[in-house]
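Visitor: Handing you a structure now.
The values are calculated or read from the model by the stated rules, or taken from the named source; none is laboratory data. Model, not experiment: these values are computed from the prediction. Here the Cβ positions follow ideal geometry from the backbone for every residue, glycine too, while neighbour counts run over all protein chains shown. With ligands, DNA and RNA removed, areas are computed over all heavy atoms of the protein, side chains included. Shrake-Rupley method; radii C 1.70, N 1.55, O 1.52, S 1.80 Å.
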Amino acid sequence: MASTEGLVPITRSFLASFYDKYPFQPLSDDASRLSSQIRSMVSDLCNDSPLTQGETLLVKEVDSPPPHKIDENMWKNREQIEEIIFLLERSHWPPLLQQQSTPEDTELALVLGHLKDKFQNTMKILLAFQSKNSETIFNTVLTYMPQDFRGTLIRQQRERSERNKQAEVDALVNAGGSIRDRYALLWNQQMERRRQLAQLGSATGVYKTLVKYLVGVPQVLLDFIRQLNDDEGPMEEQRQRYGPPLYSLTTLARSIRLFLFLSWRRFEARKLTKQQLTVLEQAVDVYTSEFQSEVFANSPFFISAEEAGALESRKNDEHKEISIPAGKTHEVSLMVESINSYIAWDFFLAPGKMNVDIGFSMEYTNASGDKQLILPYRRYESDQVRNYKLIWDNSYSTFFKKVLRYKVDCIPPVVEPAGAATDIKG
């Protein structure tokens, strides 16, 4: 069993600092532009003939917001990709297109084959990502479990559960279930995996029989798997940072699938134009080129208590934020009214694209108005009432402003209750 001494589960603050190292390359405006163009093409198709009930449901799905959770979006993209691949298979083309009776139809068939290849490659990438992510989490759990019968029981429980889940999927497919039905079942199964992780963390449900054997299982592991998928837990940082680009891709995939679905049903009355085919190719290129990031797989699960404490204190200490222009300074005055008070400060620069620094000094002014610089940088214990000034200096910078976050406080002296010294002596 790997040691968890000094470790705590990842916190949202830590993930925020970790993901600063992996900025998501913003999607080009092409993604939203192409989604809008395809939606306009869909509207033209809808005007040709009334929508059926099934088509209306698809239109409503495209117009609805994508799911909030990252992994649910991944499953939704898998569903859309599989639906698109289904439509791009030759056997599911419109009968007139299958005949390829014109040079235009032959050219269209070649393009559709290339588009199908791109979606199949993207599906492989997505499947590999989900499989790796699932194995990483489960193996992390087992790494920190005692290497005895408890780990074996949990592994056996997982293998048995996965076999049962696959049997459910096979039964649905054999009964003629649609792609949509299958992915609804797959997502329900994914939610069940989450519940099982939470049950392991709290030793309930299928793991209730292990309660009396949990002595020796690190509490940090139980805390980790219990809070991993909390709505406001660490993964919310992931959702806020990487969710919006993924939501745009989900909308684009839905739009592509809807356009192909409606086009095939209206192909005899209205073939695809060259302009529509160009837009479709561009949309597929944009969509299939975006599932390459490894940032999620790089995320750690445990950090030291010192790292977590430092980050949490910075988040919760209500630091003020100020932007100091190049060539300027920022000053904060603090009046100390009680002898033997302490002056405390903390500051740091907001992370940016390059390393930056800032000058810092502190001075006090006595009753006569004389100023004296206090060095070195440290907590300073005052011995008389004074006016102190903390100065952050960016005057030496010619081009770059600095975003400073700081907190300054005056801590009054601790006054022991009367008789405290006598009580100690006695």
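Visitor: Quote to one decimal, in nm, the extra length available between T278 and N174 on full extension: 0.36 nm per residue of separation minus the C-alpha distance between them.
Guide: Length difference between fully extended and current span is 33.6 nm.
Visitor: While we're looking at this one, here's another question. Looking at the square roots a ≥ b ≥ c of the eigenvalues of the Cα gyration tensor of region 29-104, which shape do they give, rounded for a/c under 1.5, prolate if a/b is larger than b/c, or oblate?
Guide: It comes out prolate by the Cα gyration axes.
Visitor: At a probe size of 1.4 Å, how large is the accessible area of V111, to the nearest 10 Å²?
Guide: Solvent-accessible area, nearest 10 Å²: 20 Å².
Visitor: Just the accessible area for F400, please: 1.4 Å probe, Å², rounded to the nearest 10?
Guide: 100 Å²
Visitor: Still on this model: What does the accessible area of H330 come to, in Å² to the nearest 10, when a probe of 1.4 Å is used?
Guide: Answer for H330: close to 40 Å² accessible.
Visitor: In addition: FRET efficiency for T102 and R182, Cβ-Cβ distance as r, R0 = 41 Å, nearest 0.05?
Guide: According to the calculation, E is roughly 0.70.
Visitor: Related question: Counting Lys +1, Arg +1, Asp -1, Glu -1, what net charge surrounds A283 among other residues with beta carbon under 10 Å of its beta carbon?
Guide: My count for the surroundings of A283 gives -2.
Visitor: Separate question: Could you order the peptides 264-272, 154-162 from most to least packed, using the average number of other C-beta atoms within 10 Å per residue?
Guide: Those peptides, ordered most packed to least, come out 264-272, 154-162.
Visitor: Taking the Cβ of E79 as the centre, find all other residues whose Cβ is under 10 Å away and add up their charges (Lys, Arg: +1; Asp, Glu: -1).
Guide: +4
Visitor: Report, in listed order, any pair from K60/K274; K124/K274; K132/K165; K320/K401; K118/K271 with a Cα-Cα distance greater than 25 Å.
Guide: Cα-Cα > 25 Å for K60/K274; K124/K274; rest within.
Visitor: Could you list which residues have their amide H under 5 Å from that of T329, counting only those 5 or more apart in sequence or on another chain, with H placed in the peptide plane?
Guide: Those qualifying (amide H under 5 Å, at least 5 residues apart or on another chain) are N394.
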